[in-house]
1. State yes or no: is residue 53 more than 25 Å from the chain's Cα centre (by Cα), under 11 Å from residue 88 (Cα atoms) and either free of Cβ contacts under 8 Å to residues at least 24 places away in the same chain or surrounded by fewer than 19 Cβ atoms within 10 Å (Cβ to Cβ) (or both)?
2. What number of residues in segment 365-380 are touching a strand residue (DSSP E or B) at 6+ places or on another chain (Cβ under 6 Å) and in a helix (DSSP H, G or I)?
3. Output the residues belonging to segment 198-213 that are buried (at least 19 other Cβ atoms within 10 Å of the Cβ), on the phi < 0 side of the Ramachandran plot and assigned to a loop (DSSP other than H, G, I, E, B).
4. Would you call residue 315 touching a residue at least 12 places away in the same chain (Cβ under 8 Å) and within 19 Å of residue 374 (Cβ to Cβ)?
5. Go through 423, 353, 362 for me and flag whichever is assigned to a helix (DSSP H, G or I), in the same structural domain as residue 292 (by TED's automatic domain parsing) and touching a helix residue (DSSP H, G or I) at 6+ places or on another chain (Cβ under 9 Å).
6. Pull up segment 32-42, narrow it to residues that are surrounded by fewer than 17 Cβ atoms within 10 Å (Cβ to Cβ) and touching a residue at least 12 places away in the same chain (Cβ under 8 Å), then point me to the one that is nearest to residue 82 (Cα to Cα).
7. Evaluate the following for residue 496: is it without any contact (Cβ under 8 Å) to a residue 40 or more places away in the chain and buried (at least 24 other Cβ atoms within 10 Å of the Cβ)?
């Protein structure tokens, strides 16, 4: 089964899978390698040669054309990743560059051992630990990390740990990882005790998830995916993980007919805000309008209704009678009657955590049928049982602390396994789950996971999550299904911050309300 067959067999969610970048965990990559060698008769040595060439070409393009006399040290482990390293060293020597090898002794796989033996005819090789190996690493201008490959699962200890620490201690050297930085879990980005901090990572054939999530992404540096002639092949059991692309998101954007009117572009109801937190309602509602939603009504407690108009006259408001400061269960029928007249709902931004509001939220979500985004206090007032009972098509947008409360997992546990955590709970709860943070992770009820590729640290600011909820809710109101709305919303939200920084705004100066202008810039970049 090839990549496109796999995409075709996935749920009919409207996602243009061929426009995404599928990522391979260690097991899927091993199966792909094995199929290439055993069924297609592509030898392991040929694959190593192709892999080595892709790294050498990167080195020449980025460094060696300008600085041909730099001292290069290739660090080779005992497995096939080390075999790639020996081939890299040989190809560099063949092209006349100054290259040495630091290895860990005799290679353990046949192909790696053969490349190690061939290398002995070309240049110097010393084993770590030894004073000579340390001196080579300390004086190196370029260090190629080919110590561990994608299969590393244990903590890095002993001499290997010292070896990696010695590599990292040379802060002036440019460091390049072969397939994945040694010490980074290729599947979920955990740091296995210690890892090589690289400026570049060359992933072979398919990207590895650990290079596109923090903390692994911090160690991978700039990631380049190189074709080494392994035909893509995905078994039915292969985990389904993709990285978002501009082309995919552009294809998801709602159409804008020239004869359209405000009623053509959906009507969103945002049920947000409480006394002292009216700004959250404004941010979520305005974000939906800025994202092309035709009409937005903010359902807010009575104390906020008229104040909201002064901040955003484009937003319609509604409240039950009285100047209440928070929602309570008695207001559920009022909102259910209003909800049937709208296309989608955003629930939770700035609701507060009053006990009466908790009863309100749990009773409301039991009855709603509209496509729904739940964020912030909406999540804080729910429990897993309440979520599992929701029948409406739903997107949840927790940050790690909110997901921790819902799952019982510690924040460090979630952050060290973001992909696996999102996959598990999106399936278990039957929702689209958006785990916010750097390189946001989106999971579908069918077990698919998507990694965002946009955004910067400027999004770590008050109200940014409210804007994201409004953007996703606006896409729901305009007719996108929950998964498409979440993917497009997360990508566009991150791209808005990137556009502002590209214009010269320092990330530390970015505020949530400035994202409105960024959304317009991001839509222009996407062409819609």
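The values are calculated or read from the model by the stated rules, or taken from the named source; none is laboratory data. Owing to the predicted nature of the structure, the values given are computational and were not obtained by experimental measurement. All Cβ positions, glycine included, derive from the backbone under ideal geometry; neighbour counts span all protein chains shown.
1. Numbers: more than 25 Å from the chain's Cα centre (by Cα): yes; under 11 Å from residue 88 (Cα atoms): yes; either free of Cβ contacts under 8 Å to residues at least 24 places away in the same chain or surrounded by fewer than 19 Cβ atoms within 10 Å (Cβ to Cβ) (or both): yes.
Considered against the rule, which asks whether it is more than 25 Å from the chain's Cα centre (by Cα), under 11 Å from residue 88 (Cα atoms) and either free of Cβ contacts under 8 Å to residues at least 24 places away in the same chain or surrounded by fewer than 19 Cβ atoms within 10 Å (Cβ to Cβ) (or both), residue 53 comes out as yes.
2. Filtering segment 365-380 down to residues touching a strand residue (DSSP E or B) at 6+ places or on another chain (Cβ under 6 Å) leaves 370-374, 378.
Restricting the remaining residues to those that are in a helix (DSSP H, G or I) gives 378.
Looking only at that region, the number is 1.
3. 198, 206, 208, 213
4. Numbers: touching a residue at least 12 places away in the same chain (Cβ under 8 Å): yes; within 19 Å of residue 374 (Cβ to Cβ): no.
So residue 315 does not fit the description; no.
5. Details: 423 fails: touching a helix residue (DSSP H, G or I) at 6+ places or on another chain (Cβ under 9 Å); 353 fails: assigned to a helix (DSSP H, G or I).
Step by step, each of 423, 353, 362 is checked, and only 362 is assigned to a helix (DSSP H, G or I), in the same structural domain as residue 292 (by TED's automatic domain parsing) and touching a helix residue (DSSP H, G or I) at 6+ places or on another chain (Cβ under 9 Å).
6. If we take residues in segment 32-42 being surrounded by fewer than 17 Cβ atoms within 10 Å (Cβ to Cβ) and touching a residue at least 12 places away in the same chain (Cβ under 8 Å), then 35 is nearest to residue 82 (Cα to Cα).
7. Details: without any contact (Cβ under 8 Å) to a residue 40 or more places away in the chain: yes; buried (at least 24 other Cβ atoms within 10 Å of the Cβ): yes.
Yes, satisfied.
Every residue, every condition in (1) more than 30 Å from residue 40 (Cα to Cα); (2) assigned by TED's automatic domain parsing to the domain that holds residue 364; (3) in contact (Cβ under 8 Å) with a residue 12 or more places away in the chain; (4) surrounded by fewer than 22 Cβ atoms within 10 Å (Cβ to Cβ), yes or no:
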{"site": "219", "(1), (2), (3), (4)": "yes, no, yes, no"}
{"site": "222", "(1), (2), (3), (4)": "yes, no, yes, yes"}
{"site": "229", "(1), (2), (3), (4)": "no, no, yes, yes"}
{"site": "267", "(1), (2), (3), (4)": "yes, yes, yes, yes"}
{"site": "280", "(1), (2), (3), (4)": "yes, yes, yes, no"}
